[in-house]
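Notes to accompany the following structure.
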Amino acid sequence: MPRATVAALPAAWAAALLLCSQSSSAADPPSQSCDVSQYPLSTPTARFTDNGDGTVTDKESKLMWMRCAVGQTWTKGTCAGVPAALTWAAALDAAQAINKRGNFFFNDWRVPQVPELAGIAERQCKNPRINLTVFPATPSVDFWTATSRPSKVEEASAYVLGFGADGVKYASKLETHDVRLVRSTP
């Protein structure tokens with residue numbers, strides 16, 4: 001299935017670095033495997049409250065997550081469609097557009113920081129490294145974070161977290177990657 005590219009959509013470091021390596025292709029459907037022989041799952045389904053509206057709340061971090069990546073639609077208990085590959089600025093703009101439209105009942109959705117996104121990575125699974133019961137149809141690709149990489153040049157970078165083999169790395173803000181939105185709860 002081809003990935004959608006949307007160039008102009010309306011306008012815990014340590015945990016992230018512990019992600020193991022395993023190669024996968026963005027075009028491959030997830031054929032996830034999880035190894036709990038030595039350690040339990042780091043993001044068990046019971047840790048999340050299903051809000052019944054395409055969002056979940058993480059009981060540990062108190063963060064509310066969209067179950068689908070931007071570009072996908074929550075329908076019939078799963079994420080349908082293809083995530084939108086966005087530039088970093090377009091990812092930030094997408095959050096603002098969703099907030100203005102009120103699509104998900106709140107107006108404070110945002111792109112997560114590195115430690116927040118790393119908090120939903122499932123370290124015992126691969127292809128993808130995420131709990132697919134909680135976050136179905138997540139591809140094994142890089143997702144944007146709101147964390148910029150310090151730079152003295154105009155064309156800066158930001159950090160991405162891969163749910164495939166790469167873990168945390170930085171990317172040019174002009175590249176396109178997927179994004180999952182989050183909000184803080186009271």
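Overview of values
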quantity: Residues 140, 33, 61 arranged by fewest to most Cβ contacts within 10 Å; calculated: 33, 61, 140
quantity: About the Cα centre, charge dipole magnitude for the range 21-164 (Lys/Arg +1, Asp/Glu -1 at Cβ), debye; calculated: 140 debye
quantity: Convex hull projection area averaged over all views, the range 35-101, Cα basis, nm²; calculated: 6.4 nm²
quantity: Order of 123, 129, 149 - criterion: other Cβ atoms within 10 Å of each residue's Cβ, fewest first; calculated: 149, 123, 129
quantity: The range 113-186 - charge dipole about Cα centre, Lys and Arg +1 at Cβ, Asp and Glu -1, debye rounded to 20; calculated: 180 debye
quantity: Spin-label pair residue 113/residue 62, simplified geometry with 7 Å Cα→Cβ offset, distance in nm; calculated: 1.4 nm
quantity: Rg/Rh for the range 94-142, where both radii come from Cα atoms and Rh is the Kirkwood radius; calculated: 1.06
quantity: Likely footprinting exposure, 166, 142, fewest C-beta neighbours within 10 Å first; calculated: 166, 142
quantity: Inter-site label distance for residue 89 and residue 37 at 7 Å from Cα along Cβ, in nm; calculated: 4.9 nm
quantity: Label-point separation, residue 170 to residue 50 (7 Å along Cα→Cβ), nm; calculated: 4.0 nm
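Every number in this text was worked out from the coordinates using simple rules, so none of it is lab data. In this text, all values refer to a predicted model and were calculated from it rather than measured experimentally. Heads up, the Cβs are rebuilt from the backbone with ideal geometry, glycines too, and the neighbour counts pull from every protein chain shown.
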